[in-house]
């Protein structure tokens, strides 16, 4: 049996689906009567719909049908650039605040890229914008590939393509660690989010076909921008049977 909030959510979502963007929904009291629930229950359902991006609530004015959010669920095992993922998600991507620093010493990057502790790497940081709003902040550390200044012409969009075009290095796969963290001062500034706001954090190392690590990356994703999809399978080697 559905909980009363779920019943209200189901009915209001159906109403939203039948409405046009910009239409004003009935008042909370009217929705409570239609759904046969209390006003607090309606308010909880509207908060859920607002979180989903389906409605826009304006203090003193009412609740309006919002533009349906862009939905794109890239598989987590696909090695696509963040720029392409933002584009495929239906947003207009752009790059902001590109900073390229040659000959940087970074202990974690050196260890990950299997370089001597005193080796110098190239650091590229930039913000990927989605419809002119900060979406993802990226920091890439690149192993020496030749000229220390060859990345100065990089426009910030697709690093893998640039490595192939300019350095003849083809990235084959990457190993990623995914977690959630609170935005630090620098990240909150880069993504325009409150200090401590939840951020999807992806730490990644990209390799060539010869299994040589080339790029160590840190990606900080603003909440709600991209949802990755993971396909999980049952363990067929397990002795436990599920068909009994």
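Assorted remarks:
- Condition check for residue 161 on (1) closer than 15 Å to residue 82 by Cβ; (2) modelled with pLDDT of 90 or more; (3) touching a strand residue (DSSP E or B) at 6+ places or on another chain (Cβ under 7 Å); (4) surrounded by fewer than 19 Cβ atoms within 10 Å (Cβ to Cβ): one failure, at (3).
- Of all residues in segment 109-127, those being within 28 Å of the chain's Cα centre (by Cα) and either closer than 24 Å to residue 158 by Cβ or crowded, with 18+ Cβ neighbours inside 10 Å (or both) number 11.
- Those residues of segment 128-141 which are surrounded by 18 or more Cβ atoms within 10 Å (Cβ to Cβ) and farther than 14 Å from residue 203 by Cα, in sequence order: 128, 129, 130, 134, 135
- Helices (runs of 4 or more DSSP H) completely within segment 1-112 that count 1 or more residues being under 19 Å from residue 220 (Cα atoms) and at pLDDT below 90: 82-88
- Restricting 168, 185 to those that are closer than 27 Å to residue 145 by Cβ, in the same structural domain as residue 135 (by TED's automatic domain parsing) and surrounded by fewer than 15 Cβ atoms within 10 Å (Cβ to Cβ) reduces the list to 168.
The values are calculated or read from the model by the stated rules, or taken from the named source; none is laboratory data. Because the structure is predicted, anything quoted here is derived from the model rather than measured. Don't worry about glycine lacking a Cβ; one is built from the backbone with ideal geometry, like all the others, and counts go over all protein chains shown.
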